[in-house]
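Heads up, the thing below is written out as structure tokens.
The values are calculated or read from the model by the stated rules, or taken from the named source; none is laboratory data. Just so we're clear, the structure is a prediction, and the values are computed from it rather than from any experiment. FYI the Cβ positions are ideal-geometry reconstructions off the backbone, even for glycines, and counts take in every protein chain you see. The area values use the complete protein model at the heavy-atom level, side chains included, leaving out ligands, DNA and RNA. Shrake-Rupley method; radii C 1.70, N 1.55, O 1.52, S 1.80 Å.
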Amino acid sequence: MSTPTTTAPEKAQAAPPRPRTKLTWPVALLLVAGLLIIVSAVRLITGADGITSTGQMSAALRLAVPIGLAGLGGLWAERAGVVNIGLEGMMILGTWFGAWAGYQWGPWVGILLGVVGGAIGGLLHAIITVTYNVNHIVSGVAINILALGVTRYLSIFTFAEADGGTSKQSPPIDSLGTWTVPGIADGLGDLADKHWFLISDLAGLVGGVLTDLSPLTLIALLLVPFTWWVLWRTSFGLRLRSCGENPVAAESLGVDVYRYKYLAVIISGGFAGLGGAFLALVSSNIYLEGQTGGRGYIGLAAMIFGNWMPGGLALGAGLFGYTDSLRLRGGGENVHAVLLLLVILLAFAVAWLVWRKKWLAAGITTVVGALLLVWYLLSDEVPSQFVSMTPYVVTLLVLALSAQRLRMPKADGMPYRKGQGG
């Protein structure tokens, strides 16, 4: 009796999928340490001491917080299966409501109303996408446009008639204040000013986190592990994530999918509104039309870069905040040093792609790295016209290199009707 033979196509179909390498904490810490060593070496080679100074890191943290909060908002919504392009509009609502309430009753009330303003935008997005099943992208864009019009209209009847305000900006708002860890921050700042290899860079990094901290910054930092704990360590989080992976199966197990989607998107709007309130009450102590500057979209990009995980999201927000702070502190000189840093990182990326036998991606990355190296060698400073583009270019470059390892929730953005699995 002859045994059946397996054809080549059947073997290909039966082949198990290649296992994904999980990033463990020891490996992540080694990667961070290696990156710090590379940055320190670049600082010594270029002489751009400002790229790891205490002031640089402190500014980077302030710039990263609103992006990270918007990214957390996107994470909550998309883990429940709702794409939230409307984060920008929800941030805009947060800036206006936060500034209006902060001007009337103080900054802490402003924070609360900023969250409420963003949550209202989230509720509207949930009604449109969950109940009426409208395309998530269309709904998000509509909310962004609506938020611009609503805040402009409200400003005409509130800020324009107040002392020191106009139709495009609010009067000055009382500050929440800042806090510096006594003794430790000063010592780390002095150590960073010595410009020693690695030691001073590490001191600048830690010192920046402990210098001129706003209470809202501390709250935002704590929200990252809090989000991880709720979504990955509680039954509530398990049910919410099941709605973004397989809502039909979740409903068959008794999960009220609509309710969890509504809660996720409203919380998402609240996070984005908190990020907007941070811009108005901490970053500038004033509402200014257009001050979000696309940070809602950048927060969404940070979430994607972080592979829909809180820790990776925080790294993505930190990356953008750091590159944006380079633009504000040191300008062309610091960005010129970053060109060399990018060349080195791209060289490692090429080696990784070659090892993975991804020849086309390796070739394209090699060409990009070579062009950056030529630019670095033939110039002493980056033109001011390019400096303002640096955060966006770096973000796009990192997203392009990391896109092949991303895994979004399976039902993210997909239409769902209650009872459709019956």
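Table for the structure above
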quantity	calculated
Filtered residue count, the range 245-279, keeping only those that are part of a helix (DSSP H, G or I), more than 16 Å from Gly68 (Cα to Cα) and not β-branched (Val, Ile, Thr)	13
Among the residues listed as Phe320, Phe386, the single one being part of a helix (DSSP H, G or I), surrounded by 21 or more Cβ atoms within 10 Å (Cβ to Cβ), out of contact with any His (no Cβ under 6 Å at 6 or more places or on another chain) and in contact (Cβ under 8 Å) with a residue 12 or more places away in the chain	Phe320
Odd one out for Ala250, checked against (1) crowded, with 22+ Cβ neighbours inside 10 Å; (2) within 26 Å of the chain's Cα centre (by Cα)	(2)
Selection count where residues are in contact (Cβ under 8 Å) with a residue 12 or more places away in the chain and either more than 13 Å from Asn334 (Cβ to Cβ) or not hydrophobic (A, V, I, L, M, F, W, C) (or both), scope the range 370-383	8
Given (1) assigned to a helix (DSSP H, G or I); (2) more than 24 Å from Asp412 (Cβ to Cβ); (3) touching a Pro at 6+ places or on another chain (Cβ under 7 Å), number of the condition Ala347 does not satisfy	(3)
Subset of the range 167-195 [more than 29 Å from the chain's Cα centre (by Cα) and either outside any loop (DSSP other than H, G, I, E, B) or more than 30 Å from Gly290 (Cβ to Cβ) (or both)]	Pro182, Gly183, Asp186, Gly187, Asp190, Leu191, Asp193, Lys194, His195
Selection status of Leu35, under 26 Å from Ala185 (Cβ atoms), modelled with pLDDT under 80, of a type outside the set (Ser, Thr, Tyr) and open to solvent by 50 Å² or more (accessible area, probe 1.4 Å)	no
Criterion: crowded, with 22+ Cβ neighbours inside 10 Å and either over 24 Å from the mean Cα position of the chain (by Cα) or farther than 20 Å from Ile267 by Cα (or both) - qualifying residue of Val150, Val130, Val134	Val130
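Residue-by-condition table, conditions (1) more than 26 Å from Leu406 (Cβ to Cβ); (2) buried (at least 24 other Cβ atoms within 10 Å of the Cβ):
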| position | (1), (2) |
| --- | --- |
| Ala41 | yes, no |
| Ala64 | no, yes |
| Leu72 | no, yes |
| Val83 | no, no |
| Gly98 | yes, yes |
| Pro107 | yes, yes |
| Leu124 | yes, no |
